[in-house]
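A.B. asks: Below: one structure in structure tokens.
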Amino acid sequence: MARPCPSPLQPAILLGAPSFPNAIAWSDDNLIAVASGHLVTILRPDLPVGGPRGVIKIFPNQPLRVGIVERQDLLSGCLLPTALYRDDKPVVRSISWSPLGMAANSGCLIAVCTSEGHVKIYRPPFCDYCAEWIEVVDITKRLYEHLKCTEFRGIGIATLDVFDKNASDQMDSLYKHNGKLLKEKSENHSLPLISADQYASRRAMLCSLVVSWSPLLHLASEYYPVCDSFSLLAVGGKSGKISLWRFHPPDCYTIEDREVPTTVKFAGLLHAHNSWVTSISWLLFASDPSNPQILLTSGSSDGSVKIWLADNDKLLKLSKVDQTSFSLLKEVMTLNAVPVSVLSVTVHVQYPSKILLAIGKVSGSFEIWLFDISSREFDKLGSYYAHDYVVTGLTWAFGGRFLYSCSQDNLVQSWILRENHLDGVTLNSDMPRDSSINISRDTFDSCFGVAVSPGNLVIATVHCFDIEKLNRMYEGRVLRAAVDYFWIGGLQMDVQLKSPFSCCIEENSSYLEKELIYWGTNIIWSLNQYQCHDKPLVLWDIITALLAFKDDNSKYAEYIIIKWISSSFLQLDMDLPSEKVLSFVSSSLSDLPSRLLHLFNIICRRVILAELDADQITGFTKTVEKLERVCPSMEKHITKWTEILLSSERELRKRLVGFSFSIFRTSMSNSETSSQHGCWYPVGLAQMEQWIASDQEHLGGQLKAIVSEVSHKKRFLANRCSAVETCSFCSASVPFESPEFGFCQGGNSSDDDVKPHRLLRCVVSMQVCPITPLWYCVCCHRSGFRLAPEPLFRMSSFHVDSDSFIKSSSEAVSSKPFCPFCGILLQRQQPDFLLSPRPV
């Protein structure tokens, strides 16, 4: 009997081999980065074979001049490694993705640490038309300039060192707005004569080993209503210290300007260990949403692991990290002092006040610890001797229900957490491969990392090839490593967890039926995780799995979706017919959160109505007429889902229009609101009024009332006078006929050769889009040049007169470039031969 599993994802071939643990990382915008030798290879999981890729090339850096030592000191023990160093071809040692929204186009930045100990930050080439990612910040040079300004004072003190404010200002003054040195000092200037120990300590301070980016942290000032956000980059090195760097998102996002500065500040040095820092992991602990806490976990070559708790108020409100910003919660020191290779930390899915910590060792074993942050109790759940060589990857999935480990012995193992211990679970690795890809898992020699997809349904591993098992004439010449994928959504779940499928599991169920139930339960669990507003909507793995089940058994895929809708939208545990569930949803759209509407719209477009393109859905009446002649049952099925999809999108458009008019009404009574920095201000009110006039039957009385109130104001009448739009190609007038697109009047002339131009309208303002690069949604295929307000995506319901609606409209700021109808990240359209994220 065939196993109920989506088709296997094909491996991605790499031209360079990884050399260090954690060589693979999955970003918040669904890109995979692999530390492959002298390159960082960036690819999309849905295009592993022959698809476009991004690259970061690693070149040798000039040694940083930290001082002069006597010639006879070169043979001293502390300088011998430096004197004998001859590596002129550095490779990638550590990589880490930033949170979403740190790049100028609202994508992710990536930090790269090389075997030379050099750390640099790169951004995606969103407007550069190239495959190579662009360097924006050299962290090692920034640290070097800071240490020079302080004359390397305090680098040997075993405390949390606070940077000198004057030294920091002096360092910042050396850089232009784009992060490059304003002027280079002459290399011939005199350097101090220092001892061998001083030279070694300075070199160790500048030699980095591991990088890790924290989640996005938020700061709200009582004097400034706009919420400030930043992320901390932790860089661990041979000195045992961790340097912290504060990165702020851009003030505004762009898809045209390549010179947007990356705002970064040196935040301080945390003396974490007395030996090399080999692994770092962050965790945003939000069991109390009003007071989220940030945890920093660090591992060392001496075998110690430390957990640090940041003082949230001091960390966010102070301009620097001081001695009290981080406190040591727990130090784990094993008796055999085996070096730590990898760490992985997550919040326990069943106990929100507890965290799970996995510690991988060079010996091939790993340990599991459970920490209760409220009682400060720290318990060891066990040690597992799972591998013969160094553990190179550990990652939790499904909220700590599963753990995945990998090693240089080429084993990838799956574990399930049961109460206070782990049990091994068979990982499905015997699935068929595409015959065009002549790569077998038997040719893999070692594994150097494992990463889990944003939806937790797929894991990716990176393996080196055994050259002896490849054809030396062909594959052996070019193939060095590969990224492999495993579907994990069908693994056994803990039936004690609350699940809409638990009642379906019976003792006499076949293996096939049980695994289908596990798939359905895990997919619903993954979808429910996206109800958190701070989690970016990346549903690629969920959609791929549902499409696979739809192709094999459309009723089962629809059954999962209906189950999710009834449990998440309506809070119903009973089984109801799909027609009744959709009827309930259709009648209560205004009471649903915007995030649930976004999820519903994505699932409708990408799964249920995957056979239709965006234009067919928009003009579905004509599509239905064609299908009715071919297949009446298909017409009925498509009509049912399309109607509720369009109703859901209409509800979101009502919220956007109502919010815009509410902001305008607030600005008329308070002229200072529209002039505040960072505040969102509506445009296109005239077009919105015309849309309301054309769709009276579907609009509520509250929305009509606020529009009628604003429409009689003089300022609005002046704004409406500018509602006449012209074609960007022929200057003919463009009447408002649809919020999606418009046709100019150029085709009405006597010249038969002149045809009307079809013009896109902005997804936010409904205005005709200019001939410039536009923000583009890969789900609904809409475009725009304006961004939606941030509160639109956090609405729990839509009632114009509610206190929450009025308050949010008075404090509205621009959001990240998210689609107001799908909630996913907008981006600039790229040619097919260039890499671009694909969240759905």
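A.B. asks: So which of 115, 76, 98 is among the polar types (S, T, N, Q) and under 25 Å from the mean Cα position of the chain (by Cα)?
C.D. replies: Of the residues listed, the single one that is among the polar types (S, T, N, Q) and under 25 Å from the mean Cα position of the chain (by Cα) is 98.
A.B. asks: Looking only at residues that are in contact (Cβ under 8 Å) with a residue 40 or more places away in the chain and not in a strand (DSSP E or B) in the stretch 383-393, which one is most open to solvent (accessible area, probe 1.4 Å)?
C.D. replies: Here is the first cut: in the stretch 383-393, the residues in contact (Cβ under 8 Å) with a residue 40 or more places away in the chain are 389-393.
Within this subset, residues satisfying the condition of being not in a strand (DSSP E or B) are 389-390.
On the way: 389: 134, 390: 23 Å².
Looking at residues that are in contact (Cβ under 8 Å) with a residue 40 or more places away in the chain and not in a strand (DSSP E or B), I get 389.
A.B. asks: Could you tell me how many of the residues in the stretch 783-797 are in contact with a helix residue (DSSP H, G or I) (Cβ under 8 Å, 6 or more places away or on another chain) and either aromatic (Phe, Trp, Tyr) or open to solvent by less than 10 Å² (accessible area, probe 1.4 Å) (or both)? Give the steps one after another, and end with the answer.
C.D. replies: Here is the first cut: in the stretch 783-797, the residues in contact with a helix residue (DSSP H, G or I) (Cβ under 8 Å, 6 or more places away or on another chain) are 788-789, 791-797.
Then keep just the ones that are either aromatic (Phe, Trp, Tyr) or open to solvent by less than 10 Å² (accessible area, probe 1.4 Å) (or both); that gives 788-789, 792-793.
Total satisfying the criteria: 4.
A.B. asks: If I go through the stretch 684-698 residue by residue, how many of them are part of a loop (DSSP other than H, G, I, E, B) and buried (at least 18 other Cβ atoms within 10 Å of the Cβ)? Before you say what the answer is, go through the steps one by one.
C.D. replies: Just the residues of the stretch 684-698 that are part of a loop (DSSP other than H, G, I, E, B), to begin with: 684, 695.
Next, only the ones that are buried (at least 18 other Cβ atoms within 10 Å of the Cβ) stay: 684.
Total meeting the criteria: 1.
A.B. asks: Report yes if residue 571 is at positive phi and open to solvent by 30 Å² or more (accessible area, probe 1.4 Å), otherwise no. Steps first, answer last, please.
C.D. replies: Numbers: at positive phi: yes; open to solvent by 30 Å² or more (accessible area, probe 1.4 Å): yes.
Answer is yes for this residue.
A.B. asks: The conditions are (1) at pLDDT 95 or above; (2) in contact with a Cys (Cβ under 8 Å, 6 or more places away or on another chain), and residue 451 fails exactly one of them. Which is it?
C.D. replies: Every condition holds for residue 451 apart from (2).
A.B. asks: For residues in the stretch 81-99 being in a loop (DSSP other than H, G, I, E, B) and among the charged types (D, E, K, R), which is most open to solvent (accessible area, probe 1.4 Å)? Walk me through how you get there before you give the answer.
C.D. replies: First, the residues of the stretch 81-99 that are in a loop (DSSP other than H, G, I, E, B): 85-91, 98-99.
Of the ones still in play, those that are also among the charged types (D, E, K, R) are 86-89.
Details: 86: 175, 87: 63, 88: 104, 89: 155 Å².
It comes out as 86.
So that you can scan it fast, the table gives a plain yes or no per residue for (1) touching a residue at least 60 places away in the same chain (Cβ under 8 Å); (2) of a type in the set (Gly, Ala, Ser); (3) in contact with a Gly (Cβ under 8 Å, 6 or more places away or on another chain):
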{"residue": "340", "(1), (2), (3)": "yes, no, yes"}
{"residue": "348", "(1), (2), (3)": "no, no, yes"}
{"residue": "357", "(1), (2), (3)": "yes, no, no"}
{"residue": "365", "(1), (2), (3)": "no, yes, no"}
{"residue": "373", "(1), (2), (3)": "yes, no, no"}
{"residue": "381", "(1), (2), (3)": "no, no, no"}
{"residue": "396", "(1), (2), (3)": "no, no, no"}
{"residue": "411", "(1), (2), (3)": "no, no, no"}
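A.B. asks: Within the stretch 185-211, how many residues turn out to be open to solvent by 30 Å² or more (accessible area, probe 1.4 Å) and either modelled with pLDDT of 90 or more or over 36 Å from the mean Cα position of the chain (by Cα) (or both)?
C.D. replies: Going through the stretch 185-211 one residue at a time, the tally reaches 14.
A.B. asks: Can you name the residue in the stretch 462-485 that is assigned to a helix (DSSP H, G or I) and modelled with pLDDT under 80 and is also nearest to residue 44 (Cα to Cα) among such residues? Steps first, please.
C.D. replies: In the first step, residues of the stretch 462-485 are kept if they are assigned to a helix (DSSP H, G or I); the result is 467-469, 475-478.
From the residues that got through so far, the ones that are modelled with pLDDT under 80 too are 475-478.
Numbers: 475: 23, 476: 25, 477: 25, 478: 21 Å.
Of everything passing the filter in the stretch 462-485, 478 is nearest to residue 44 (Cα to Cα).
A.B. asks: Here is a further query. Among the numbered criteria (1) open to solvent by 10 Å² or more (accessible area, probe 1.4 Å); (2) touching a Lys or Arg at 6+ places or on another chain (Cβ under 7 Å), which one does residue 557 miss?
C.D. replies: Condition not satisfied by residue 557: (1).
A.B. asks: What's the number of the condition residue 128 fails, among (1) buried (at least 23 other Cβ atoms within 10 Å of the Cβ); (2) touching a Lys or Arg at 6+ places or on another chain (Cβ under 8 Å); (3) not small (Gly, Ala, Ser)?
C.D. replies: Only one criterion is unmet by residue 128, namely (1).
A.B. asks: Next up: So is residue 494 more than 27 Å from the chain's Cα centre (by Cα) and modelled with pLDDT of 75 or more or not?
C.D. replies: Working: more than 27 Å from the chain's Cα centre (by Cα): yes; modelled with pLDDT of 75 or more: no.
Judged against the criteria, residue 494 is not a match.
A.B. asks: Which of the residues spanning the stretch 606-656 are modelled with pLDDT of 90 or more, farther than 20 Å from residue 550 by Cα and open to solvent by 50 Å² or more (accessible area, probe 1.4 Å)?
C.D. replies: Answer for the stretch 606-656, where residues must be modelled with pLDDT of 90 or more, farther than 20 Å from residue 550 by Cα and open to solvent by 50 Å² or more (accessible area, probe 1.4 Å): just 650.
A.B. asks: Can we say residue 750 is open to solvent by less than 10 Å² (accessible area, probe 1.4 Å), at pLDDT below 90 and of a type in the set (S, T, N, Q)? Lay out the reasoning, then the answer.
C.D. replies: Working: open to solvent by less than 10 Å² (accessible area, probe 1.4 Å): no; at pLDDT below 90: yes; of a type in the set (S, T, N, Q): yes.
Judged against the criteria, residue 750 is not a match.
A.B. asks: For the stretch 339-382, which positions are modelled with pLDDT of 90 or more and part of a loop (DSSP other than H, G, I, E, B)?
C.D. replies: Answer for the stretch 339-382, where residues must be modelled with pLDDT of 90 or more and part of a loop (DSSP other than H, G, I, E, B): 339, 362, 363, 364, 365.
The values are calculated or read from the model by the stated rules, or taken from the named source; none is laboratory data. Fair warning: this is a prediction, and the values are worked out from it, not measured in the lab. Reconstructed Cβ throughout: ideal geometry from the backbone, glycine too, with neighbour counts over all protein chains shown. Calculation scope for accessible area: heavy atoms of the full protein, side chains included, ligands and nucleic acids excluded. Shrake-Rupley method; radii C 1.70, N 1.55, O 1.52, S 1.80 Å.
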